[in-house]
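The values are calculated or read from the model by the stated rules, or taken from the named source; none is laboratory data. Since this is a predicted model, take the numbers as computed values, not measurements. Cβ placement follows ideal geometry from the backbone for every residue including glycine, while neighbour counts extend to all protein chains displayed. Just so you know, the surface numbers come from the protein's heavy atoms only, side chains and all, with ligands and any DNA or RNA stripped out. Shrake-Rupley method; radii C 1.70, N 1.55, O 1.52, S 1.80 Å.
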Amino acid sequence: MFPTGVLINIMAVAGGGLLGAAAGHKLSGQFKTELTGIFGICAMTMGINAIVLMENMPAVIFSVIVGTALGIVVHLGELINKAAVVIQKVISHLSKTDKGETNTENSTLLVTVIVLFCASGTGIYGCIDSGMTGNHTILLSKSIMDFFSALIFACQLGPAVSVVAVLQMIVFLILFFFSGMIYPMASSTMINDFKACGGVLLLATGFRMLNLKSFPIADMIPAMALVMPCSWLWTNFVMPYLQ
């Protein structure tokens, strides 16, 4: 399968970053704030759409709880942030520093951008779903939000936001082609439960964007690695004894 969704997402980030760097100063603060809230609603809509596909609720819930616990124990969120800090040092010279802003503020914001575009639950879920099923819906929806997010971030950081798209391309293509190798071993039930698990992360992402609840999205990522094995075990070894 061709990584159509991945490439569109990369172009959305690069294009939004370039446009924001060139003309972002014309956007009002209200525009940026209100649009971020709409992103949260869109993420929750995508999550609900995926959750309704769930077939084995106990397996999905178990995966979310245990996967998040594992992520917290190994400090996955912190590890991702540390990796982003290292990457930030390489590309931070491209960010611009306006009057009243400090390099430290820009560096911190650039780390946020790297995590958001390259290591978010939405992006990882979207790449794996696209690679396994050829359905690019999540990545295409994410691309729309990422275009405007990149535009807004580039108002402060300049063309450095577009450079992040290069790292995003590397991460997303690896996920896409790796997941393509998993697909032949997965049943339709396992895939639907995987989508539902990803939907939970999208819903949590929406809550976080709306500042309603700061769920540990990065720490929840291991749930997506657990859900398909758990779904298979539930279907083949638990359900037969419950019927």
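Please verify whether segment 192-202 includes one or more residues that are open to solvent by 20 Å² or more (accessible area, probe 1.4 Å) and more than 17 Å from the chain's Cα centre (by Cα).
Among the residues of segment 192-202, at least one is open to solvent by 20 Å² or more (accessible area, probe 1.4 Å) and more than 17 Å from the chain's Cα centre (by Cα), which makes the answer yes.
In segment 13-38, how many are open to solvent by less than 10 Å² (accessible area, probe 1.4 Å) and either in contact with a Ser or Thr (Cβ under 8 Å, 6 or more places away or on another chain) or not in a helix (DSSP H, G or I) (or both)?
3
Quick check on Gly71: is it at pLDDT below 95, touching a Gly at 6+ places or on another chain (Cβ under 8 Å), open to solvent by less than 20 Å² (accessible area, probe 1.4 Å) and within 17 Å of Thr205 (Cα to Cα)?
On the way: at pLDDT below 95: no; touching a Gly at 6+ places or on another chain (Cβ under 8 Å): yes; open to solvent by less than 20 Å² (accessible area, probe 1.4 Å): yes; within 17 Å of Thr205 (Cα to Cα): yes.
No; evaluated as a whole, the condition is false for this residue.
Please specify each residue of segment 151-176 satisfying the condition of being more than 30 Å from Lys26 (Cα to Cα), in contact (Cβ under 8 Å) with a residue 60 or more places away in the chain and surrounded by fewer than 22 Cβ atoms within 10 Å (Cβ to Cβ).
Leu173
Can you list residue pairs whose Cβ atoms sit under 9 Å apart, with the first residue in segment 190-201 being over 9 Å from Gly47 (Cβ atoms) and the second being charged (D, E, K, R) and open to solvent by less than 10 Å² (accessible area, probe 1.4 Å)? Count only pairs 6 or more apart in sequence or on different chains.
Going by the 9 Å Cβ cut-off, the qualifying pairs are Ile191/Asp129; Phe194/Asp129; Lys195/Asp129.
Conditions tested, residue by residue: (1) closer than 16 Å to Asn135 by Cβ; (2) not aliphatic (A, V, I, L, M).
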{"site": "Leu173", "(1), (2)": "no, no"}
{"site": "Phe176", "(1), (2)": "yes, yes"}
{"site": "Tyr183", "(1), (2)": "yes, yes"}
{"site": "Phe194", "(1), (2)": "yes, yes"}
{"site": "Leu202", "(1), (2)": "yes, no"}
{"site": "Lys213", "(1), (2)": "no, yes"}
{"site": "Met220", "(1), (2)": "no, no"}
{"site": "Pro240", "(1), (2)": "no, yes"}
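Regarding Leu210, is this residue closer than 19 Å to Val66 by Cα, of a type outside the set (Gly, Ala, Ser) and surrounded by fewer than 24 Cβ atoms within 10 Å (Cβ to Cβ)?
no
Quickly run through segment 216-239 and pick out the residues that are open to solvent by less than 70 Å² (accessible area, probe 1.4 Å) and over 18 Å from Cys118 (Cβ atoms). Lay out the reasoning, then the answer.
Here is the first cut: in segment 216-239, the ones open to solvent by less than 70 Å² (accessible area, probe 1.4 Å) are 216-224, 226-231, 234-235, 238-239.
Selection gives Ala223, Leu226, Val227, Met228, Pro229, Cys230, Ser231, Trp234, Thr235, Val238, Met239.
Read through the list (1) more than 14 Å from the chain's Cα centre (by Cα); (2) at pLDDT below 95, then give the number of the only condition that Ile217 fails.
(1)
For segment 39-51, indicate whether the set of residues that are open to solvent by 90 Å² or more (accessible area, probe 1.4 Å), in contact (Cβ under 8 Å) with a residue 12 or more places away in the chain and within 24 Å of Leu173 (Cα to Cα) is non-empty.
Looking for residues that are open to solvent by 90 Å² or more (accessible area, probe 1.4 Å), in contact (Cβ under 8 Å) with a residue 12 or more places away in the chain and within 24 Å of Leu173 (Cα to Cα), one finds none in segment 39-51, hence no.
Just to check your reading of the model, which residue among Ile138, Ile128 is over 20 Å from Gly77 (Cβ atoms) and surrounded by 22 or more Cβ atoms within 10 Å (Cβ to Cβ)?
Numbers: Ile128 fails: over 20 Å from Gly77 (Cβ atoms).
Every option except Ile138 fails the conditions.
Show me the helices (runs of 4 or more DSSP H) entirely contained within segment 165-243 in which 3 or more residues are in contact with a helix residue (DSSP H, G or I) (Cβ under 7 Å, 6 or more places away or on another chain).
Per the criteria, 188-209, 217-220, 223-233.
Criterion first (within 19 Å of Pro3 (Cβ to Cβ), in contact (Cβ under 8 Å) with a residue 12 or more places away in the chain, of a type in the set (Phe, Trp, Tyr) and buried (at least 18 other Cβ atoms within 10 Å of the Cβ)) does Phe117 satisfy it?
yes
So if I check each of Ala50, Ala23, which one is more than 21 Å from Leu210 (Cβ to Cβ) and either at pLDDT below 95 or not polar (S, T, N, Q) (or both)? Walk me through it before giving the result.
Working: Ala50 fails: more than 21 Å from Leu210 (Cβ to Cβ).
Just a single option satisfies the conditions, and that option is Ala23.
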